[in-house]
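Written out below as structure tokens is the structure these notes cover.
The values are calculated or read from the model by the stated rules, or taken from the named source; none is laboratory data. Quick caveat: nothing in here was measured; it's all calculated off a predicted structure. Cβ placement follows ideal geometry from the backbone for every residue including glycine, while neighbour counts extend to all protein chains displayed. Only protein heavy atoms, including side chains, enter the accessible area calculation; ligands, DNA and RNA are left aside. Shrake-Rupley method; radii C 1.70, N 1.55, O 1.52, S 1.80 Å.
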Amino acid sequence: MLLDESPLKPIQRWLWALSTGGTLLDGFAIFALGVAMPLIIAEFHITPEVVGLIGASLVLGAVFGAGIGGPVADRLGRKRLMLADMIIIGVGAAISALANGPTMLLVGQLFVGVGVGIDFPVSGTYISEVLPKRSRSRMMVATIACQSVGMLLAAAITLLLLKNVESAQNWRLFLATEGIIALLFFLLRLSAPDSPHWLMTRGKFARAAHAFIHIMPEQREAVLQLTSDARAKSLADSVAPAEAPRFGILFSRPYRARTVLVAVPWFLMDIATYGVGLFTPIILGAIDISGQTGGLISRDLSNARGSAAIDLFLLFGFLLGIWAVPRFGRIRMQAIGFVSMAVGMLILMTAVRLSNSNWHIPLVFAGFILFNLLMNAGPNATTFTLAPILFPTQLRATASGFAAGVAKLGATLGVFVLPILKGKFGVPAVLGMVAAVSVMGLVVTLIFGREDTE
């Protein structure tokens, strides 16, 4: 196609920026809820099991959203879903901010999760279909990197509010901000074209021509020639499916190993990523990085600062991934990342045992930094990009949705089980579980790994 071989244009950079809304809001929601949780626990007097359910509702919603988002996007188009998911996130954020108890908060976070879950496979697929091949790998890693940008944005907003607004109700403002960001992305996405590749595969050649010309107006004559009636009829026979694909085809012989590769390591990584990411402020408080004994808001502010400093290395990891993944390959970086995640958790386990040593705080930050840096340079970048690369256009959103849905099941497991483990067995049990799933992710990657040949 003409887009595949074209240089990267400003309009394509803008479309990429518009597509980052889901990943940015995913990171924002994780960090904001993590910082809000101590305030929520104090207000509603909730147990560790309910804390786990509220955190799990965010990612359980993403399971459902990813599961329906991929197939529906293959049937109805990418743009419709990219608008609908921002509306759903906005509604969920409003319900969460107005919650009068844990049940309402759980429902609101469930809606936020559904919207984020829809956006993950749809935006990843959209990017792979509107960018040239030579830029695709780098820009797709940059898309998931916006998850850390969302975390840092949430850190800036929560720290600003905690420092300047002395109120235990600050958590409502944290969660309401998600809705404002979602509304902004909704309005900006209205002007974006649908994926011309998807339009071509569905036989919508006039709309495909309009979308192509929107992205590359200088190729107007070539586009019109490509989508003329005579050419369209010959292309329709070869690329337009009669109906959208079903999940079953992913387990047919040609795609079975690819499906395992794109889904299982992502599942295992998200157990670790969401569990550690969502509860980093709580884990830091339990490990006691400052030894302070101030009030609730001052302790939350301190833990949020520590969490923000650690999460900065999420962004550094993604920047490293943008450079390293195209050079060394997805599978190699994914394996390196899983190894480093396990080592990072072992360092934290050592820090817990040396709680009275001068090495305690340096080891805490070293463990978290290693975990975040190489996780994002490796599996958190590569798992998001594998499905859109390894599957054809007709299956791309469906495969991405299935992989993201399975991953969010892992995230649900992580955010529900980890706080219960912490409550019953302490922080070392949480760190041990994260190390174990990281090793399992490494094993699956090495067994099923295959490099793409874009």
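Residue 13 meets all of the listed conditions (1) surrounded by fewer than 17 Cβ atoms within 10 Å (Cβ to Cβ); (2) at pLDDT below 85 but one, namely (2).
Among the helices (runs of 4 or more DSSP H) lying completely within the stretch 285-384, list those that include at least 1 residues that are within 30 Å of residue 260 (Cα to Cα), at pLDDT below 85 and in contact with a Phe, Trp or Tyr (Cβ under 6 Å, 6 or more places away or on another chain).
Here the list reads 360-377.
In the stretch 365-390, the residues that are more than 15 Å from residue 324 (Cβ to Cβ) reach residues that are buried (at least 24 other Cβ atoms within 10 Å of the Cβ) and hydroxyl-bearing (Ser, Thr, Tyr) with C-beta atoms within less than 6 angstrom, at least six apart or across chains, in these pairs: 387/400; 388/125; 388/128; 388/400. Close contacts from the stretch 194-222, counting a first residue that is over 16 Å from residue 130 (Cβ atoms) and a second that is buried (at least 20 other Cβ atoms within 10 Å of the Cβ) and aliphatic (A, V, I, L, M), with Cβ to Cβ under 8 Å and a gap of 6+ residues or different chains, come to 205/199.
Filtering 444, 434, 439 for residues that are closer than 28 Å to residue 48 by Cα, open to solvent by 10 Å² or more (accessible area, probe 1.4 Å) and assigned to a helix (DSSP H, G or I) leaves a single hit, 439. Taking the criterion of being among the aliphatic types (A, V, I, L, M), farther than 18 Å from residue 433 by Cβ and under 15 Å from the mean Cα position of the chain (by Cα), the residues of the stretch 398-418 that qualify are 403, 404, 406. Taking every residue in the stretch 60-80 that is outside any helix (DSSP H, G or I) and pairing it with any residue that is surrounded by fewer than 24 Cβ atoms within 10 Å (Cβ to Cβ) and at pLDDT 90 or above, at least 6 positions away or on another chain, the pairs with Cβ-Cβ distances below 6 Å are 77/194. Do we have any residue at all in the stretch 23-36 that's touching an Asp or Glu at 6+ places or on another chain (Cβ under 8 Å) and polar (S, T, N, Q)? So far as the stretch 23-36 goes, yes, one or more of its residues are touching an Asp or Glu at 6+ places or on another chain (Cβ under 8 Å) and polar (S, T, N, Q). When restricted to residues that are among the β-branched types (Val, Ile, Thr) and not in a helix (DSSP H, G or I), the stretch 29-51 contains 2.
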